[in-house]
Amino acid sequence: MHTSTVRTLLVRGMIAGVVAGLLAFALAYVVGEPSIDSSIALEESQSAPAHEHGDAAPAPAPAEESADEPAEEEEELVTRPVQSTFGLATGVLVYGVALGGIASLAFALCLGRVGRLRPRATAALVAGAAFTTVYLVPFLKYPATPPAVGNPDTIGKRTTLFFLMIVLSVLIAVVAVIAGRRLAPKLGNWNATVAAGGGYVVVMAVACLLLPANTDAVKETFPAALLWEFRLASLAVQAVLWTAFGLIFGALAERVLRPADAQLTGQDPEALTGASAARTG
């Protein structure tokens, strides 16, 4: 595949990532933000009794009150309305552009090397594999938790474990793909794919058993229904993001890779596209 074609696919992938990010932002704002607001309100209500007990203590001297007063009036650097709108949109769009660029490069690498698949089917395959390895499998071991929930001292540990799970999942998936390609001449494409997929599942299951559990992520008093609602919303946002990207980028990539002479020869553009993909592989 020519460098100019890869560059065009990269740009199209980033565009598809932006559009998918907008759709994911809309869903996150409508479905995800209410559960986050409820989680924050719950934490504030639980911390209120502690403040009331503190107010019952002997009042400090007037001089000390005036000295402490400026510290009590500190304002948040980023307010909650800004976080739930502009901050959320910025984060999702940046994430969408990044995943669009990386996934488009993975698409260019896979095109013509995973069978005689059209660009749309290859894009859907790449998006589905990315969603599974980058989010779904790590989510099963370390599911998302609402902000302001759990012990803040363990945020660094929880983040490290989650990204470690992502790295392991992606690396094992790459090894499984390579193993499947090498087994295909001996076992056939279907049997090799099943064997490689089964190997990925077994290795990741062992990794889930060996990696430490996230025991302090959520307090025992946190409502299970609210936690379930937040996690379903997080899963739905990621599913919409990757599904939208796969569909949008597949359509854009097919337009790029469609042979220019399809209309002149009168042949089926889809057939020519498949032949072109096979030649580029």
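The values are calculated or read from the model by the stated rules, or taken from the named source; none is laboratory data. Just so you know, these numbers come straight off a predicted model, no measurement behind them. No Cβ is skipped: glycine too gets one built from the backbone with ideal geometry, and neighbour counts run over all protein chains shown. Surface areas here come from the heavy atoms of the whole protein model, side chains and all, with no ligands, DNA or RNA. Shrake-Rupley method; radii C 1.70, N 1.55, O 1.52, S 1.80 Å.
Restricting attention to the stretch 1-14, the residues being surrounded by 17 or more Cβ atoms within 10 Å (Cβ to Cβ) and over 15 Å from Leu111 (Cβ atoms) number 1.
Scanning the stretch 107-116 for residues that are within 20 Å of Leu10 (Cβ to Cβ) and either of a type outside the set (A, V, I, L, M, F, W, C) or buried (at least 17 other Cβ atoms within 10 Å of the Cβ) (or both) returns Phe107, Ala108, Cys110, Leu111, Gly112, Arg113, Val114. Each residue in the stretch 117-129 was checked for being assigned to a helix (DSSP H, G or I), surrounded by fewer than 21 Cβ atoms within 10 Å (Cβ to Cβ) and of a type in the set (A, V, I, L, M), and 4 of them qualify.
Going through the stretch 198-207 one residue at a time, which ones are within 15 Å of Leu136 (Cα to Cα) and open to solvent by less than 70 Å² (accessible area, probe 1.4 Å)? Hits for the stretch 198-207 are Tyr200, Met204, Ala205, Ala207.
Evaluated against (1) modelled with pLDDT under 90; (2) in a helix (DSSP H, G or I), Phe249 falls short on exactly one condition, (1). So, Thr215, is that one of a type outside the set (D, E, K, R) and either modelled with pLDDT of 85 or more or over 27 Å from Ile166 (Cα atoms) (or both) or not? So Thr215 does not fit the description; no. Of all residues in the stretch 187-197, those satisfying the criterion of being open to solvent by 70 Å² or more (accessible area, probe 1.4 Å) and not aromatic (Phe, Trp, Tyr) are Leu187, Asn189, Asn191, Thr193, Val194.
Restricting attention to the stretch 184-195, the residues that are modelled with pLDDT under 90 and closer than 21 Å to Thr132 by Cβ add up to 6. A single member of Val78, Val94, Val30 is farther than 22 Å from Gly246 by Cα, loosely packed, with under 14 Cβ neighbours inside 10 Å and modelled with pLDDT of 80 or more, and it is Val30.
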